[in-house]
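Right, one structure below, let's go through it.
Each value in this text was obtained by applying a stated rule to the coordinates, not by laboratory testing. In this text, all values refer to a predicted model and were calculated from it rather than measured experimentally. A quick note on method: Cβ atoms are made from the backbone with ideal geometry, for glycine too, and the neighbour counts reach across all protein chains shown.
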Amino acid sequence: MNTIFISGKVSGESYLAAYNKFAHMQKRLLAEGWVVYNPMLLCNPSWSWIRCMVVCFYHIIFKCDSVLFLSDWQDSRGSKLERKAAVFFKKIIKEENHGTDKA
């Protein structure tokens, strides 16, 4: 089963804009047959940044084969850390608009 985590900028955006951005990508990935882990659905908006990061790292490390980085990932402190974890744990790295790279 192909499992994928979506990583992208959340902090500094309106909740609705971030939610919609991740939901759009989730819909696309589900149509392609992926099992998708969407951090906007995994984390409660009232949680601290660090609590959300712990949840995200758990899913990247233990639940996913691949991580898809949205086009704005480099503008996100959390996504940069998620990228390091994905590379360290040898996940397949996918980038929106750039295809697939193997870590």
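Side notes on the structure shown:
- Potential extension, Ser14-Asn44 segment - 0.36 nm per residue separation minus Cα distance: 9.4 nm
- Each peptide among 80-86, 48-54 gets the average number of other Cβ atoms lying within 10 Å of its residues, and from highest to lowest they stand as 80-86, 48-54.
- Percent breakdown of C-alpha pair distances by 5 Å bin, ordered from the shortest bin, for the stretch 6-103: 2, 13, 26, 29, 20, 8, 1
- The magnitude of the dipole of the chain, with charges of +1 and -1 set on the Cβ of Lys/Arg and Asp/Glu and taken from the Cα centre, is near 240 debye.
- Counting beta carbons within 10 Å around each of Ser66, Ser7 and listing the fewest first gives the order Ser66, Ser7.
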